[in-house]
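The values are calculated or read from the model by the stated rules, or taken from the named source; none is laboratory data. Note that the coordinates shown come from a computational prediction; the quantities given were computed from them, not determined experimentally. Counting neighbours? That spans all protein chains shown, and the Cβs are built from the backbone with ideal geometry, glycine included. Keep in mind that these areas ignore ligands, DNA and RNA; they rest on the heavy atoms of the full protein, side chains included. Shrake-Rupley method; radii C 1.70, N 1.55, O 1.52, S 1.80 Å.
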Amino acid sequence: MAGTFRFSFGPWNISQGADPFGPTVRDSIAFPEKLAQYKALGFDAVQFHDDDAVPNLDSLSSDAVLKQAAALKTTLDDSGLTPEFVAPRLWEDPRTIDGGYTSNDASCRAYARDRSLQAVDIANALGTDLIVLWLAREGTYVREAKDSKRAVEQIVEAVDAMLAHDKNIRIAIEPKPNEPMDHTYIPTIGHAIGLGLLTSDPSRVGGLIESAHAILAGLDPSDEMGYALAHNKLWSVHLNDQNGLKFDQDKAFGSVDLRRAFNQVRILDKHDYGNDGAWVGLDVKAMRTQKAGVATKHLSNSREVFLALLDVSRSLDESKMDALITERDYEELDLLIMKALLGR
Ligand code: XUL
Ligand code: MN
């Protein structure tokens, strides 16, 4: 009973502070400068959108895309950094306005599929076998606009195309119930695992659980993780925090509910997360108020909180807890956990 915890984040987690109501408040930081900060912040792996790895990839030839990906692999090797995954970004191009795989326009669906296959090629060139699918716009604003059964079939077809394109690639679906859509078709990890069962190779379809996304679905992230772990499908996590049901906040891990964070760390540790090489991703965002120069603290702080909670979990008196569970004295168990979190 002990996991192995190594940490990753994506370049989008060092950001300029724009929100829907105001412009950027910090200068943009060039990608090589971001890479240079990983190790000092305590991180060893990088998560990529396809166009984080190869900017403007839609305007490049396939050869040029692969050449740039190969050059990035050399940079990563030289920096001692591992590429964790590549995620096709299917939510910014005009052709994804109505969704990617579930767009009502066949030519837009073809764009989404081709771009996803290219993301697989980029993953290969970087040297990772993991693709993450955040199905951003696979949903509706207006229920009548799409057919939910057909939409699931279309997502399965897209996943099947990726699985057929490369015999080794694994696909981790990152469920999220809403935002930018009113509702999405794959809102929880149960949906993601169920979708995997419909594909041509369920053994290569798993999930990535983001704390905030589970909370937005009204669920407890640690229970969602337990569900995925029971299926051997927890292939990555995006730890962060979320203050109630509103926009996706990506707050620093543990910053809203320390006990909820503690339970995520505990379930991962109890069930050997990471011993097979899976990473702990921190999908956290700096506050808009944070001044440039100290706008990476959300990353190192989240990691520090994770490791502190790991210490708390590992230092608990397990036999005392077992006895309280046997006695069904959950009030005392509750206090024991609160005291541990209070350091008393
Ligand atoms: C969106 C989200 C994304 C994915 C990567 O809410 O979490 O950052 O993690 O595409
Ligand atoms: Mn995420």
Could you go through region 249-272 and let me know if any residue there is in a helix (DSSP H, G or I) and closer than 22 Å to residue 35 by Cα. no
Across region 36-72, the tally of residues that are aliphatic (A, V, I, L, M), open to solvent by 60 Å² or more (accessible area, probe 1.4 Å) and within 28 Å of residue 303 (Cβ to Cβ) stands at 2
The correct count of residues that are among the aromatic types (Phe, Trp, Tyr) and over 21 Å from residue 277 (Cβ atoms) in region 44-72 is 0
Going through region 220-236 in order, the residues found to be within 15 Å of ligand 1 (Cβ to nearest atom) and either in a loop (DSSP other than H, G, I, E, B) or of a type in the set (Gly, Ala, Ser) (or both) are 236
Taking residue 181 as the residue in question, decide whether it is open to solvent by less than 40 Å² (accessible area, probe 1.4 Å), part of a loop (DSSP other than H, G, I, E, B), among the aliphatic types (A, V, I, L, M) and within 16 Å of ligand 2 (Cβ to nearest atom). yes
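Among residues belonging to region 1-35 that are among the charged types (D, E, K, R) and surrounded by 15 or more Cβ atoms within 10 Å (Cβ to Cβ), point out the one that is farthest from residue 79 (Cα to Cα). Walk me through how you get there before you give the answer.
First, the residues of region 1-35 that are among the charged types (D, E, K, R): 6, 19, 26-27, 33-34.
From what's left, surrounded by 15 or more Cβ atoms within 10 Å (Cβ to Cβ): 6, 26, 34.
On the way: 6: 16, 26: 25, 34: 12 Å.
Among those that are among the charged types (D, E, K, R) and surrounded by 15 or more Cβ atoms within 10 Å (Cβ to Cβ), it is 26.
For region 190-203, indicate whether the set of residues that are among the hydrophobic types (A, V, I, L, M, F, W, C), assigned to a loop (DSSP other than H, G, I, E, B) and within 16 Å of ligand 2 (Cβ to nearest atom) is non-empty.
To start, the set of residues in region 190-203 that are among the hydrophobic types (A, V, I, L, M, F, W, C) comprises 192-193, 195, 197-198.
From what's left, assigned to a loop (DSSP other than H, G, I, E, B): 198.
After this cut, where a residue has to be within 16 Å of ligand 2 (Cβ to nearest atom) as well, the list is none.
No, because not a single residue in region 190-203 is among the hydrophobic types (A, V, I, L, M, F, W, C), assigned to a loop (DSSP other than H, G, I, E, B) and within 16 Å of ligand 2 (Cβ to nearest atom).
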Q. Can residue 152 be described as in a helix (DSSP H, G or I), away from ligand 1 (no atom under 15 Å from the Cβ), at pLDDT 95 or above and open to solvent by 10 Å² or more (accessible area, probe 1.4 Å)?
A. yes
Exactly one of 129, 114, 105, 93 is over 24 Å from residue 150 (Cα atoms) and away from ligand 2 (no atom under 16 Å from the Cβ), and that one is 129
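In region 248-273, what residues are hydrophobic (A, V, I, L, M, F, W, C), within 16 Å of ligand 1 (Cβ to nearest atom) and open to solvent by 10 Å² or more (accessible area, probe 1.4 Å)? Talk me through it step by step, then tell me what you get.
Within region 248-273, the subset hydrophobic (A, V, I, L, M, F, W, C) is 252-253, 256, 258, 261-262, 265, 267-268.
Add one more test, that the residue is within 16 Å of ligand 1 (Cβ to nearest atom), and what stays is 252-253.
Selection gives 252 alone.
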(1) open to solvent by 10 Å² or more (accessible area, probe 1.4 Å); (2) away from ligand 2 (no atom under 16 Å from the Cβ); (3) more than 30 Å from residue 313 (Cα to Cα) all hold for residue 232 apart from (3)
Just one listed residue, out of 281, 277, is part of a strand (DSSP E or B) and either modelled with pLDDT of 95 or more or open to solvent by less than 50 Å² (accessible area, probe 1.4 Å) (or both), and it is 281
Scanning region 274-285 for residues that are away from ligand 1 (no atom under 14 Å from the Cβ) and within 23 Å of residue 248 (Cβ to Cβ) gives 278
Going by what's in this entry, would residue 205 be described as away from ligand 1 (no atom under 14 Å from the Cβ), among the β-branched types (Val, Ile, Thr) and surrounded by 23 or more Cβ atoms within 10 Å (Cβ to Cβ)?
yes
Going through region 241-253 in order, the residues found to be in contact with a Leu (Cβ under 7 Å, 6 or more places away or on another chain) and not acidic (Asp, Glu) are 242, 245, 253
Exactly one of 245, 239 is open to solvent by less than 10 Å² (accessible area, probe 1.4 Å), within 16 Å of ligand 1 (Cβ to nearest atom) and more than 26 Å from residue 168 (Cα to Cα), and that residue is 239
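Being among the aliphatic types (A, V, I, L, M), surrounded by fewer than 22 Cβ atoms within 10 Å (Cβ to Cβ) and within 16 Å of ligand 1 (Cβ to nearest atom) narrows it down to one of 158, 217, 192, 212, so name that one. Please lay out each step first, then the result.
Numbers: 158 fails: surrounded by fewer than 22 Cβ atoms within 10 Å (Cβ to Cβ); 192 fails: surrounded by fewer than 22 Cβ atoms within 10 Å (Cβ to Cβ); 212 fails: surrounded by fewer than 22 Cβ atoms within 10 Å (Cβ to Cβ).
The conditions single out 217.
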Okay, helices (runs of 4 or more DSSP H) sitting entirely in region 290-344 with 1 or more residues that are under 31 Å from the mean Cα position of the chain (by Cα) and surrounded by 14 or more Cβ atoms within 10 Å (Cβ to Cβ), I get 297-314, 330-342
